[in-house]
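Please treat every number below as a calculation from the coordinates, not as lab data. A quick note: this is a predicted structure, and the numbers were derived from the prediction, not measured.
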């Protein structure tokens, strides 16, 4: 257990750092009113029209729970983003519209990520359980303990792959967001820098999630491979 905690400490520290960056950037630029005075909902509708999308806009509960739902073609905005005319709101909304544009264009990494969702969910839930059960069975000298643990490693690998594919999807959406904000003239130079800072901070959380998944996978690999060397 101590080895596991030591192994996971670096990505945990980076995740905390990423969360602090996100909170700091959002809190700063959510208090900066946008030049055009557009709320998040108004900005979303303008960007949707600009890109020729057939996408609805709805509210959603929670804080920074904004997302694009490709199944129902709906952009869902939290109250703090959708109802606020701030620089932070513009950046977040443009990012989610970027996902809608990806969906319209059939962006390959986005399609791959969507296809990975079922197996990634299964892997993140069962992978850890299978590895632990396998380790326990090996300790009890049960023959199929190690094969079961390897199945767990394989399942968890799907979750790592999902986190890896997520990076280009999110970074591409942020790049599209920056381009949209500039081309539509919705932000001034200073506002663009603020919106870009929010997007860059948010991107760090996806890097942190990938690091956590990769470090955990490496730990599982070391653990299960080590069982084989003891035999």
How far, in degrees from 0 to 90, does helix 40-50 lean away from the longest principal axis of the Cα atoms of the chain, to the nearest 10? 80
To the nearest 500 deg cm²/dmol, what mean residue ellipticity at 222 nm is calculated for the chain from DSSP H runs of n ≥ 4 alone, each contributing -39,500 (n - 2.57), summed and divided by the residues? -27000 deg cm²/dmol
Taking alpha-carbon centroids only, region 17-33 lies from region 130-203 a number of Å equal to 21
In degrees rounded to 10, the 0-90 angle between helix 108-139 Cα long axis and the longest Cα principal axis of the chain is 30
Please report, largest first and rounded to whole Å, the three semi-axes of the ellipsoid equivalent to region 84-206, where each semi-axis is the square root of five times an eigenvalue of the C-alpha gyration tensor. 42, 14, 9
Compute the long axis of helix 87-105 from its Cα atoms, compare it with the longest principal axis of the Cα atoms of the chain, and write down the angle in degrees, 0 to 90, nearest 10. 70
Cα-based Debye curve of region 2-230 sampled at q = 0.14 Å⁻¹ gives log₁₀ I(q)/I(0) of -0.88
